[in-house]
Structure formats: C-alpha cells, structure tokens
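To keep things clear, I will list the structure first and then write my remarks on it.
The values are calculated or read from the model by the stated rules, or taken from the named source; none is laboratory data. Bear in mind that the values here come from a model prediction, so they are computed numbers and not experimental data. Methodologically, a virtual Cβ is constructed for each residue, glycine included, from the backbone with ideal geometry; neighbour enumeration extends over all protein chains shown. Side chains included, ligands, DNA and RNA excluded: accessible areas come from the protein's heavy atoms. Shrake-Rupley method; radii C 1.70, N 1.55, O 1.52, S 1.80 Å.
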Amino acid sequence: MQKNKKYLLTMLTFAFVIACTFFFQKDVKAAEKTGTVTFSIERFTIGQGYLIEPCQVDIYDTDNIASVVDRVLTQEGYGYENKGKIQDGFYLEQIYNGDTGKVRIPSIISDGQLQPIKNNAGDLIPIPTNAVNDGNDYGNESGHFALGEFAYCNMSGWMYTVNNVFPTGMSLVKPKDGDIIRLQFTLYGYGRDLGEKPADEEDNNYLKLPDRDAITKRLAVMLKYKASCDEHGYKQAYQKAYNAVIDWNTTEKKMKEVFSALPINAIGTVDLSKESQIAEARKSYNALTSEQKELISADTLKVLTDAEKKIVSLKAEKKTQDEAKKKAEEAAKKKVQQEALKKKYTPSKTSIKSIKKLKKNQAKLTWKKVKNATGYEVYQSMKKNSGYKKVKTITKNKTVTYKAGKLKKKKTYYFKIRTYRKAGGTTYYGNYSNVKKMKVK
C-alpha cells in the first residue's frame, strides 16, 4: 500500500511538472515582438560614464520596464539585487560590478547649482564631493563592486526615465515602440541631480540639464551600424557626442553642437539590405522636436530622402524581377509537365503496309493498326519530300484503310500516315509513317 502511495505521488508530481512546462512554454510562445526601444544604463553623476552604452532592444507584448532591465542586464552578464518581483513591485537595489571604485563627481552637482536638502530632523545633508562623501562600503562586498542605493550618499540609488519623464515603479510601466529608456544612478536628492523636478512646484532646487534623449537614440543607432559610420567619416562626430553626453557638466549649447554634427544615420551604399536601417533613420528624425530638426542640415536630410526614394525604386525593380522569375519558373514547370504528358500520351507511329490501284483513278492505302492511337491522318503530295496536305482524318482506331480518289493520269502520288491521340483536351501526334508512292497510268 505504501509503495502504491509513493508511486501515485510520483506520477502526480510528474504530471504537475509537465502541465507547468506546457503552460509556461505556451506563455513564452505567445509573446510577440511589439517594437524596439533605445536603452542605456548611466553612471554620469559619479563620473563613471555608461555601464551599458546606448543600444536598441527588442520588446514584446509581455514586457514591462522591469523585464527589459532584467533581460539587458542578464544578456550583458550583470547580476543584481532587487526587491519585489518583475511583475509586481520591482525595485532595483544594486547592480553587481556596477562601480569602478573611482568617483569623479561632476562640479555641476557640488558647485552651488544644487542646494543642500534637509532631512526629516531638519538637518542639512551635505552634498557629496570627490573629497568628502559616504563612500561605498558594500561596493566591494563579495568582490562584486556593487553600485546601488546609499552608495556615496544616503539619498542615492537607481532611477529611470522613459522619454525624459520619471515614471512610477518599473513593474507598472509597459514600454512602447520607439521609447527611450535610461536607467540612471542618482547620487544626491533622489533624482534632483538627474533633473527631476520635485513634487512641490515652488521647489526649484534641481539641476536644469540639456535633453540627452534624442542624442542617446542617435548614438544607439550609430553604434549598431558602427562599421558604416566609421567608413563614412562619422567616427569623430560620434566620439564628441559620446563624450558630451557622459559629461554631466556639458552645457546645452555644447550638446546642440555635437548633436547637429551627427548624421541621421550613416546609410552608405543603398540596397535593399539597408531598408530597415533607413526606416529607423526616418523614425529617429520624426521623433525629433521642431528645434532639434532645425539642427539637421538640408544636405544631411537629403541623404535620407534620396535613400528612401532609392529603396522604393529598388523594391519596384525587385518586384518586377520576382514576377518575371515567377513567370519563367511557371513556364518551365508547365513545359516539364507538358513534356511528361507528351511522353505519356504520344502514340506510336504506324507504317503503310500496301497501296493498291483501283479503277477510275483510285488507290487504296492499308496501314498497321496502333493500339494507343485515337485515329489517323492521311497526307498526300505529288512530291516525295514536300507539299503534303492532309486529305483525310480517320477518327476510329480500328479503321486502317483509306481510298484515295480523283487521281490524275500519268501522275505519281506519295502518301504517308500520322497517328494521333486525344487526352485531357489535348491532341498528341505520333511521328509520320514511311512514304508509299503510286503512279497513275
């Protein structure tokens, strides 16, 4: 009895695992791609640049911001600690190996543009500097140099923006095609150093920073097509823009200068393999503000519009070629089928056995019966090798004689027979028989 119970428990467990596996796989397969977002992880407030440089990430209908963050960190080999779950209450506490240990706090944070904030007790919390800060005591915990909440200041941690807006929790927000998602480390003021405006509208104690979203997306596209960008001389423009973005002290004027020097996209030689790249370039341009579009030169924009026209032309040309190819393939296929049918249904040729003279300038032809023929055609001429005309079509397989009449005296006539067979609405002809002649006296 005990053995049977164990067996039953084992089978129930196995069935449960199989069921879970089935539903899990079903759920995974149900996820459909809904677009692409620009994503980056930034440590600009401590002068450590990007942890993950701007990149383009595919998103799915099952995604929220937390799942995108988890996927990118995992793909790039970074571990992390969090509270909550990806689908509910996700909070990113720290990223392993996220801190280099070398802090270079931008002067914009500590030069007076930000004012010290009071804690609940009314005491001012000093703004961290390179010389004086709280340090990152757990940064080297277990040797993973983690970067997260309370590092270098008790108001630090990870925050994020979607299209330059600071949303609510990561589990609550679903990404959309074309979004720019930037995970950023805030050092002081719970995001005030990132440019987040406090809830109190009269509180003006936050940094007024240049917009980095559009240039971040441009860097992501250029990085994706880095070889093409380098080939077309945009390497220096890219590096200048990159350096400006990671430097928290960069002014708005400088940011506009480096942004205007970037191409919409380094397209290069236009062929159909560049269609998605060109479409992405158009999407990037359309996403710009009116002010940003004014920074794009007419020559740069013409490269894009010319490329779009070329793609339309190439697609039309390819369509014509594809249709011609399809037509040729269908014709070749039809020819093969016709040859096969011809081989199958073409009757054997017959042979004229005899030709006998009759009275009144007549002659009787007799030929060999062919089993697979529907009937026979009789041809007549006054020349052996030319001038033959059909004089009779015989529709019965069993009829193997023909009486030729109205023959002229002292003339020689030549005769030959051709078999035919009807099948599927088509008539198939055999080869001509031997030629027999008769001279009328």
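Table: residues versus (1) modelled with pLDDT of 95 or more; (2) among the hydrophobic types (A, V, I, L, M, F, W, C); (3) out of contact with any Phe, Trp or Tyr (no Cβ under 9 Å at 6 or more places or on another chain).
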site: Met1; (1), (2), (3): no, yes, yes
site: Lys6; (1), (2), (3): no, no, yes
site: Phe16; (1), (2), (3): no, yes, yes
site: Ala31; (1), (2), (3): no, yes, no
site: Phe39; (1), (2), (3): yes, yes, yes
site: Ile52; (1), (2), (3): yes, yes, no
site: Arg71; (1), (2), (3): yes, no, yes
site: Asp88; (1), (2), (3): yes, no, yes
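Taking every residue in the stretch 375-386 that is in a loop (DSSP other than H, G, I, E, B) and pairing it with any residue that is of a type in the set (A, V, I, L, M, F, W, C), at least 6 positions away or on another chain, the pairs with Cβ-Cβ distances below 8 Å are Lys384/Val435. For the stretch 198-240, a tally of residues being over 10 Å from Leu262 (Cβ atoms), hydrophobic (A, V, I, L, M, F, W, C) and touching a helix residue (DSSP H, G or I) at 6+ places or on another chain (Cβ under 7 Å) returns 1. Taking interchain pairs and intrachain pairs at least six residues apart, which have beta carbon atoms under 7 angstrom, with the first residue in the stretch 200-220 and more than 17 Å from Gln113 (Cα to Cα) and the second among the basic types (Lys, Arg) and surrounded by fewer than 14 Cβ atoms within 10 Å (Cβ to Cβ)? Pairs found: none. The residue that is nearest to the chain's Cα centre (by Cα), among those in the stretch 425-441 that are open to solvent by 30 Å² or more (accessible area, probe 1.4 Å) and among the hydroxyl-bearing types (Ser, Thr, Tyr), is Thr426. Among the residues making up the stretch 63-96, those that are more than 22 Å from Ala31 (Cα to Cα) and crowded, with 16+ Cβ neighbours inside 10 Å are Tyr78, Tyr80, Asn82, Leu92, Gln94, Ile95, Tyr96.
Looking for something in a helix (DSSP H, G or I), open to solvent by 40 Å² or more (accessible area, probe 1.4 Å) and in contact with a Pro (Cβ under 9 Å, 6 or more places away or on another chain) - is there at least one such residue anywhere in the stretch 203-215? No, every residue in the stretch 203-215 fails to be in a helix (DSSP H, G or I), open to solvent by 40 Å² or more (accessible area, probe 1.4 Å) and in contact with a Pro (Cβ under 9 Å, 6 or more places away or on another chain).
Considering only the stretch 101-109, I want to know if a residue exists there that is assigned to a loop (DSSP other than H, G, I, E, B), of a type in the set (Lys, Arg) and open to solvent by 80 Å² or more (accessible area, probe 1.4 Å). Can you show your working first?
At the first step, the residues of the stretch 101-109 found to be assigned to a loop (DSSP other than H, G, I, E, B) are 101-106.
If we keep only those that are of a type in the set (Lys, Arg) too, we end up with 102, 104.
Subset that is open to solvent by 80 Å² or more (accessible area, probe 1.4 Å): 102, 104.
Yes: one or more hits.
Looking only at the stretch 46-89, filter to residues that are hydrophobic (A, V, I, L, M, F, W, C) and assigned to a strand (DSSP E or B); which one of those is nearest to Ile105 (Cα to Cα)? Looking at residues that are hydrophobic (A, V, I, L, M, F, W, C) and assigned to a strand (DSSP E or B), I get Leu51. The residue that is nearest to Thr300 (Cα to Cα), counting only those in the stretch 234-248 that are outside any helix (DSSP H, G or I) and open to solvent by 60 Å² or more (accessible area, probe 1.4 Å), is Tyr234.
Identify, from the list Val270, Val258, the residue that is in contact (Cβ under 8 Å) with a residue 12 or more places away in the chain, under 23 Å from the mean Cα position of the chain (by Cα), farther than 22 Å from Gly35 by Cβ and surrounded by 19 or more Cβ atoms within 10 Å (Cβ to Cβ).
Val270
Residue count for the stretch 110-131 under the criterion of being of a type in the set (A, V, I, L, M) and surrounded by fewer than 17 Cβ atoms within 10 Å (Cβ to Cβ): the result is 4. Tallying residues that are over 14 Å from Leu365 (Cβ atoms) and open to solvent by less than 50 Å² (accessible area, probe 1.4 Å) within the stretch 389-406 yields 1.
Looking at the stretch 355-371, can you tell me whether even one residue there is more than 24 Å from Lys437 (Cα to Cα) and either open to solvent by 80 Å² or more (accessible area, probe 1.4 Å) or within 58 Å of the chain's Cα centre (by Cα) (or both)? Yes, that holds for at least one residue.
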